[in-house]
């Protein structure tokens, strides 16, 4: 079965192909995962031609690692992926305080690729500055 319908695009990070003939590409689920990472790591306003693109997780950097902050992060991720990555259905986003670092939140994201019904997950780390768990 062909998976061309899942798409392809420039790999991230952008790099030349090994043979030097153009830009390296990623495809299928790997391309979707890379696009999810791009969305989560782009602060709205960074792209002049698409100023609303991204996820405002960096707005949380100086907040405390509280349940409220973690809930905000979950909502931001869910909204950004729903808006900017139409190839996936977000199943679950769970923000957990890190056991090893009180200034870090682990975002556990589960999604399903719509066209293939393929379940994927990833963990995105959010580093907070100088504050500790407020719970």
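The values are calculated or read from the model by the stated rules, or taken from the named source; none is laboratory data. Computed from a prediction, not measured in an experiment: that's the story for all the values here. Heads up, the Cβs are rebuilt from the backbone with ideal geometry, glycines too, and the neighbour counts pull from every protein chain shown.
Details
- Output for the stretch 104-125, where each listed residue is touching a helix residue (DSSP H, G or I) at 6+ places or on another chain (Cβ under 8 Å) and either at pLDDT 95 or above or more than 23 Å from residue 52 (Cα to Cα) (or both): 105, 107, 109, 111, 113, 115, 116, 118, 120, 122
- Residue among 31, 41 that is more than 16 Å from residue 120 (Cα to Cα) and within 17 Å of the chain's Cα centre (by Cα): 41
- Among residues of the stretch 80-103, those that are within 27 Å of residue 51 (Cα to Cα) and either without any contact (Cβ under 8 Å) to a residue 40 or more places away in the chain or surrounded by fewer than 15 Cβ atoms within 10 Å (Cβ to Cβ) (or both), counted: 10
- Subset of the stretch 8-45 that is on the phi > 0 side of the Ramachandran plot and either surrounded by 15 or more Cβ atoms within 10 Å (Cβ to Cβ) or out of contact with any strand residue (DSSP E or B) (no Cβ under 8 Å at 6 or more places or on another chain) (or both) - its residue that is modelled with the lowest pLDDT: 28
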